[in-house]
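A short reminder: the numbers here are calculations on the coordinates, not readings from a lab. All values derive from a computational prediction rather than experimental measurement. FYI the Cβ positions are ideal-geometry reconstructions off the backbone, even for glycines, and counts take in every protein chain you see.
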Amino acid sequence: MISRRALRRGLLLVAVAVVAGCSGPQATATLEASPSTAATSSLASIGDGTLPPAPTFAPTPVPTPTIPEGYTMELPPPRLDSDVSLEAALAGRRSVRDFTSKRLTMEELSQLLWAAQGLTNRWGYRTAPSAGALYPLEVYVVMPDHVLHYLPSHHRAKVHMTGDRRRALQSVALDQTAVGDAAAVIVITGVFSRTEAKYGARAERYVWLEAGHAAQNVLLEAVAIGLGGVPIGAFGDAAVRRVLKLPGDHEPLYLIPVGHPA
Ligand SMILES: Cc1cc2nc3c(=O)[nH]c(=O)nc-3n(C[C@H](O)[C@H](O)[C@H](O)COP(=O)(O)O)c2cc1C
């Protein structure tokens, strides 16, 4: 005869096992193996409800054109607090299409990419929700000297292409100047097959919804750090893919030019 207490304990153990089994693609082992300890150790504590102290750092310029394709760079750890409340960011968000020529710092880039898809706990869950925690979104950022591909698991950015692709991207987005003038264009792409494997035809809806979540995160984060941005849906899919040499299954979903408001 099993006591009620033993039964409860058994159920609890099963629940823990199920939660562990539902972990996203970036599991604990990956996180702990990361050499980016500054970022991962602070992120690992978030799921426990303990917020680490905000790091303080001097602004670092984004590296120059000498960084070759394939190189992976560490991003500064994201700040996890700010003087701007969520309500103030919501009230202050407006589509910004005119930017100064000022570039982003590594810290600003780090915040924007983390807001889009950064990890928020040790199991690899992220800032934006994802159907089945399957994480179909891949995020790129088009900057004056590079196109970077964000690697959420270690909060790093890999140089996908060298050179300035912003004007070429503008030309395939109805020549909207916001795209060419922005300090950075965040490009949200989706790999539909990741979500289709579990949800079949419903996946198409889910991936688009997720792009909306990630885009809003970027836009609100931009406000919180004194930048502005605009979500752009008017572009040629195949042309964007060609301009940015995206892998065949990375479907462009959204462009978000971000910069210092003019
Ligand atoms: C799905 C979607 C696509 C959009 N595409 C564009 C676009 O291609 N170009 C543009 O300038 N603004 C675009 N916008 C921004 C809207 O024009 C803008 O959100 C709207 O005018 C409301 O202004 P607000 O964002 O300042 O509140 C888009 C917005 C959404 C939600």
Other-chain or far-sequence residues with amide H under 5 Å of residue 60's (modelled H): 106, 107
Packing-based order for 172-184, 195-207, using average beta carbon neighbours within 10 Å, highest first: 172-184, 195-207
Exposure proxy ranking, count of Cβ atoms within 10 Å, fewest first, for 156, 103: 103, 156
Per-residue Cβ neighbour rank within 10 angstrom, fewest leading, 260, 146: 260, 146
For region 158-169, 3J(HN,Hα) per residue [Karplus equation, 6.51 cos²θ - 1.76 cosθ + 1.60, θ = phi - 60°, Hz, x = Gly/Pro]: 9, 6, 8, 8, 9, x, 9, 9, 5, 5, 5, 5
Cβ-placed point charges (K, R +1; D, E -1), dipole of region 72-155 about Cα centre in debye, nearest 20: 180
Rh by Kirkwood over Cα pairs, then Stokes-Einstein D for region 96-151 at 1.002 mPa s and 20 °C, µm²/s: 165
Point-charge dipole on Cβ atoms (K/R +1, D/E -1) for region 170-257, about Cα centre, debye to 20: 220
Compactness index (Cα Rg / 2.2 N^0.38 Å), region 98-212: 1.14
Gained length - residue 262 relative to residue 90, 0.36 nm times residue gap less alpha-carbon distance: 59.9 nm
Residues with amide H under 5 Å from that of residue 253, placed H, sequence gap 5 or more: 188, 189, 190
Under 19 Å from the residue 81 label point (7 Å along Cα→beta-carbon), backbone N, region 198-227: 221, 224-226
Backbone HN-Hα couplings from phi across region 74-79 [Karplus 6.51/-1.76/1.60, Hz, Gly and Pro as x]: 6, 9, x, x, x, 6
Interchain or long-range residues, amide H under 5 Å from residue 155's placed H: none
